[in-house]
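S.K.: Handing you a structure now.
Each reported figure results from applying straightforward, stated rules to the coordinates on display, with no laboratory input. Just so you know, these numbers come straight off a predicted model, no measurement behind them. No Cβ is skipped: glycine too gets one built from the backbone with ideal geometry, and neighbour counts run over all protein chains shown.
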Amino acid sequence: MSIWVLRWLRDGVVTTRWPGRPDPYADGWRGPARALGPTNSVDPALCPTGAISAQGVDQGRCILCGRCVAERPDLFAWSHGATGPAAAGLSREALVVPETPETDEAVEAARARLRQRTTALRRSVHVRHVDAGSDGSEEWEIQALLGPVYDIHRLGVFFTASPRHADVLLITGAGARGMSGPLRTTYDGMPDPKVVIAVGTDAVSGGLLRESEAVTGGIAATVPVDVWLPGSPPSPFGILNAMLIAVGQLADGRKGVR
């Protein structure tokens, strides 16, 4: 029996009250690894996806295997929290931790551009999901959004089969070359304004398959990406949070819908 069904029966809560109120489960979610100090002395071979470099940990490549945390707990630890502005990046560079310098003004400017593009979507958002070569783990998390715990429909977010009706393009997978054409066709078929979310490490960077000739090393090689969500897979809370960030519903620096 699903842990969510047991939680529902125990607590008598049909849906989570997040983002209306904090949820301890979301705050405790284990995210990609982070560096506790300088990583210039660490052997890059420690990470199977090459996420570790002298600049820190590229969370967009982290697949949560835990090798760095297990072997070098003095330098690496898990990040926590599936929600909040820091849980998803508005630029690919923002997923490198320690991240490249970004001013508050630059971050707010990026958010403002997204808000301007999606102002008309805030009360009813339609999402088209495309699997561009995933391992299926992200799809399970997306499916959970439709269950009684998250109940994404209560926020006015609905999945649609037609790109003609979609406002948000939710993409999973490492960017299989065979999906490049259909993915681009889907993107071009969506009306403006539209937002693209790369869901999971594979979609962000290609993950373990990034060097394969069968993939493009992430979906940015095919379509422009607005929100980058790392994780292998990211939690349903993280996916929901990325959607809210994308449509400008998440107030800057706090949890909750505007």
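S.K.: Quick one: length gained pulling residue 55 to residue 211 fully straight, 0.36 nm per residue minus the C-alpha distance?
M.R.: 54.1 nm
S.K.: In whole Hz and in residue order, list the ³J(HN,Hα) couplings for region 174-188 that follow from phi through the Karplus curve 6.51 cos²θ - 1.76 cosθ + 1.60, θ = phi - 60°; x for Gly and Pro.
M.R.: So the J values, rounded to whole Hz, are 7, x, 4, 4, x, 9, 4, x, x, 5, 5, 4, 4, 4, 5.
S.K.: Any chance you could list the semi-axes, whole Å, largest first, of the equivalent ellipsoid that the Cα gyration tensor gives for region 137-178, using √(5λ)?
M.R.: For region 137-178, the ellipsoid semi-axes come out as 21, 16, 7 Å.
S.K.: Also, I was wondering about something else. Sort region 141-209 into rounded, prolate or oblate with this rule: let a ≥ b ≥ c be the square roots of the eigenvalues of the Cα gyration tensor; rounded if a/c is under 1.5, and if a/c is not under 1.5, prolate when a/b is larger than b/c, oblate otherwise.
M.R.: oblate
S.K.: At what distance in nm do the modelled label points of residue 221 and residue 143 sit from each other, each positioned 7 Å from its Cα along Cα→Cβ?
M.R.: Result for the modelled spin labels: 2.9 nm.
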